[in-house]
Amino acid sequence: MGQIKLEMVHYSLYYGNFCALRDISIQIPARQVTAIIGPSGCGKSSFLRTFNRMNDLISNARVEGRVFLDGQDIWEMDVVELRRRVGMVFQKPNPFPKSIFDNVAYGPRAHGLRDRSRLEEIVEQSLRRAALWDEVKDDLNKSALTLSGGQQQRLCIARALAVEPEVILMDEPASALDPIATLRIEALIRELRENYTIVIVTHNMQQAARVSDYTAFFFTDESRTGMLIEYGETKQIFTSPRDRRTEDYITGRFG
Amino acid sequence: MNDPLFVGQGFPSTRGQYRWERLKQRLAFTLLWASGAIAILALLAVVITVVLRGIGIIDLEFLFTSPRGGISGEGGIFSTIVTTLYLVILTLGIATPLGVGAAIYFVEYASDSHGKKVSAYMVQVARFGVETLAGVPSIIFGLFGYILFVSTLHFGFSLLSAGLAGACLILPVSIRTAEEALKTVPRSYREASLALGATKWQTIWKVVLPAAGPGIATGIILNVGRVISETAVFYVTLGGSYKLPSSLLSGGRTMALHLYYLAMETKAFDKAMGTGVVLIITIVVINLIVRYLSAKLAARG
C-alpha cells in the first residue's frame, strides 16, 4: 500500500446519543485516490469531515478512538494547521461572493501572506493545477459567481490547492454538475493524484471505479449507524467483493 | 348510490349557484379595489396637503438661514438641518457598532455555544428584551434618557444626551436587522472559509460581514429615517434651542422638533409645512436608497 497518510484507529463518532460511525479502523495511502461509497445516510460525509475536524463545529459531536495525519494525532494538532494541510472541496460549489483572484488568494491571505507578487504567483499556479487558468486568466477581477457551475467547482479546487495542502477531501464534488463538467473534474482528480492524497465521497459507483485506486464501502442498518464494511483496492472491490453487502450494493441490488 | 368515479354528479351546484358565486367574487374584488384606492388616496392626501401648504415657503434663504425665534417664527431652518445631521451621525455612530456587535455575538458565537448553557440563556433573555423594547413607545426612551443622561449624568439638554437616548431607541431594531442580515449568509461560505484554515474571526471579518453588508446597510439607513422623524425622544433630551450647536453639550432642535415648535408655539404654520416638505423629501430619498440596496441584495442572492 505504500506510505500511510491518514489513519483511523477504532474511531467512533456520536451526535449526542446517536452513534453516526462505529469502530472504524482504516489506513489511507499517500498520493492515491481513495473513494468512499455507500448508500445515503451511512455516514460517508461524517467520515470525511473527521479528517479536517469539521465535525468539531457541531456542538454535540463526540468522538472515541484516534485519528492520525502522518502519524500525528489530529486532536493534538492546531486546527488551523490541520486544515491548511487537509483541504476540502464541498458538494455544492461554494465560491465566496468575491473576485476569482480574491477567492484563490483567500487561504494564503488568511495564513498571513501579504506580498502581492507572491499571491499572484500562487493564484496562477493554483488555477493552472485546477485546469481553470486558460478560461479565467483575463477575468481574474470578475466575480466568481459569474462562472458556470463546473468552473465554480474547479475554482473551489484551486482555492483549496492555494494553501498547499497534502490531502484533499472531496464530498461528492461532481454531484451538482452536468456530465461534461463531471468528466473534467474526474480527469483533474486523476492528475492531482500525482501530488496529493485524495479522499472522495461519491454516490456514483462508475465514478468511484473510474477515479480511485482504493475503495471503502460504508453501510448502515436500522440503527442508522455507519460502519465500514469492506476496504481494498478498487479493482478488487468491484470485481471480487468479499462481503455479500458490498456485492449487493455495487451490483445495484439495493441502495 | 355514490359512484366515486363520478363525484361531480354528487355536487349540489346549479347554474344559479354558479352565478351567485361569480357575483360574490366580483363584489369581493370591488371591495378590495376600493380599500386599495382609499389607502393610496389617504397617503396622497397627506403628502399633497403638506407639499401644497409648504412648498411655496421653500427657497434657498429658507434652507440656509437659521431660525430667529419669535412668535412669528422668523428665519429659515438651517440650524435644524445641521442639528438633525449631527444627531443622525451621533446616534448611528453609537448604535450601529453596538447593534452589529451584539448581532454577531448572537448569530455567530452564542448559537453554537458548545454546551455553554449560560450564554444560550443570556441570548434568549436578550432576544426577548430586544423584541419587547422594539415595541415600547419612544417617549419612554426619551424619559429614560432624560433621567439618566440629562439629569443624573449632568449632560443637560444636549446633542450628547439626545444621541445616547436616540441610540437606545434604535438599538433593538439595529440588532434585529443585523441579525437577519447575518442569517442570510449561507453556511457554505463559513464552512469554505474554516476548511481553508481561516479562524472563526477571519471568517466573520472577511467573509460573513462583507456578504451581510448590503443587509446591514439597509438596516442602518432605515434607522437614519427613524432618527430624522423621531420627535418625542428629542423633545425631552435635546432642549430646543434654535441656535447652531457648537459642541456635544449644546442643545438644539431637529427638523421634526422644529416643526412641532413652529406649529404649536408660533403663527408660522406655512414654515412648519415647509419643514415638513423637506422632511418628506429626505425620507423619500432614504427609502429610494434602501430599495436600491435591497434590489442589489436580491440580485446577488
Residue, nearest to the other protein chains (Cβ to nearest Cβ), within the stretch A:89-104, restricted to residues that are surrounded by fewer than 23 Cβ atoms within 10 Å (Cβ to Cβ) and in a helix (DSSP H, G or I): A:ASP102
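Based on what the data block shows, is A:LYS98 more than 13 Å from B:SER193 (Cα to Cα) and out of contact with any Leu (no Cβ under 6 Å at 6 or more places or on another chain)? Break it down stepwise before answering.
Numbers: more than 13 Å from B:SER193 (Cα to Cα): no; out of contact with any Leu (no Cβ under 6 Å at 6 or more places or on another chain): yes.
Against the criterion (more than 13 Å from B:SER193 (Cα to Cα) and out of contact with any Leu (no Cβ under 6 Å at 6 or more places or on another chain)), A:LYS98 does not qualify.
So which of B:LEU262, B:LEU248, B:LEU222 ends up being touching a residue at least 24 places away in the same chain (Cβ under 8 Å) and in a loop (DSSP other than H, G, I, E, B)? Quick ask: steps written out before the conclusion?
Values: B:LEU262 fails: in a loop (DSSP other than H, G, I, E, B); B:LEU222 fails: in a loop (DSSP other than H, G, I, E, B).
Only one candidate passes the filter, namely B:LEU248.
Could you identify the single residue in B:VAL285, B:VAL277 that is more than 30 Å from B:ALA181 (Cβ to Cβ), modelled with pLDDT of 85 or more, out of contact with any Asp or Glu (no Cβ under 8 Å at 6 or more places or on another chain) and of a type in the set (Val, Ile, Thr)?
On the way: B:VAL285 fails: more than 30 Å from B:ALA181 (Cβ to Cβ).
Being more than 30 Å from B:ALA181 (Cβ to Cβ), modelled with pLDDT of 85 or more, out of contact with any Asp or Glu (no Cβ under 8 Å at 6 or more places or on another chain) and of a type in the set (Val, Ile, Thr) holds for just one of B:VAL285, B:VAL277, which is B:VAL277.
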Only listed residue being in contact (Cβ under 8 Å) with a residue 12 or more places away in the chain, under 13 Å from the mean Cα position of the chain (by Cα) and at the interface with chain B (Cβ under 9 Å from one of its Cβ atoms), chosen from A:ARG53, A:ARG85: A:ARG85
Among the candidates A:ARG154, A:ARG224, residue that is within 15 Å of the chain's Cα centre (by Cα) and among the charged types (D, E, K, R): A:ARG154
Residue match in the stretch A:207-218 (condition: under 26 Å from A:GLU81 (Cα atoms) and in contact (Cβ under 8 Å) with a residue 60 or more places away in the chain): no
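Just a yes or no: is a residue in the stretch A:176-185 under 24 Å from A:GLY232 (Cβ atoms) and of a type outside the set (S, T, N, Q)?
Narrowing the stretch A:176-185 to residues under 24 Å from A:GLY232 (Cβ atoms): none.
Within the stretch A:176-185, none of the residues are under 24 Å from A:GLY232 (Cβ atoms) and of a type outside the set (S, T, N, Q).
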Counted residues, the stretch A:123-146 - those being buried (at least 17 other Cβ atoms within 10 Å of the Cβ) and farther than 10 Å from A:PHE101 by Cα: 6
Some residue of the stretch A:164-187 being modelled with pLDDT of 95 or more, outside any helix (DSSP H, G or I) and among the polar types (S, T, N, Q): no
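What number of residues within the stretch B:229-244 are assigned to a loop (DSSP other than H, G, I, E, B), more than 16 Å from B:GLY75 (Cβ to Cβ) and touching a Phe, Trp or Tyr at 6+ places or on another chain (Cβ under 7 Å)? Walk me through it before giving the result.
Just the residues of the stretch B:229-244 that are assigned to a loop (DSSP other than H, G, I, E, B), to begin with: B:230-231, B:236-244.
From what is left, the residues that are more than 16 Å from B:GLY75 (Cβ to Cβ) are B:230-231, B:236-239.
Next, only the ones that are touching a Phe, Trp or Tyr at 6+ places or on another chain (Cβ under 7 Å) stay: B:231, B:236-239.
Looking only at that region, the number is 5.
The values are calculated or read from the model by the stated rules, or taken from the named source; none is laboratory data. What you see is a predicted model, and the numbers here were worked out from it, not measured in a lab. Virtual Cβ from ideal backbone geometry, glycine too; neighbours counted across all protein chains shown.
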